[in-house]
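The values are calculated or read from the model by the stated rules, or taken from the named source; none is laboratory data. Fair warning: this is a prediction, and the values are worked out from it, not measured in the lab. Reconstructed Cβ throughout: ideal geometry from the backbone, glycine too, with neighbour counts over all protein chains shown.
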Amino acid sequence: MSIDDFVISYYTTGNGFDNLSIWIYGSIGRKSLNPAVYAFSTLLTLMTMGMMLAYQFLMKRGKKHETF
């Protein structure tokens, strides 16, 4: 299941099975978060920003080569 389907995942997963969204939710309830949550959040943010920058770069590069 995807990250944004937390509610569905929370009520439909079996005992002993945690997907990503349930794992993050379970980690947030503790007083101190597991460092893996911080690492995953950082990687997810950096990957998203990298993909956005690459897309913008490719779009600008493609517009330079267009001839009408």
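Here are the numbers:
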| item | result |
| --- | --- |
| Top-ranked residue in the range 25-44 [being among the polar types (S, T, N, Q) and within 12 Å of the chain's Cα centre (by Cα); ranked as modelled with the highest pLDDT] | Thr42 |
| Test result for Ile22, under 20 Å from the mean Cα position of the chain (by Cα), modelled with pLDDT under 80 and surrounded by 12 or more Cβ atoms within 10 Å (Cβ to Cβ) | yes |
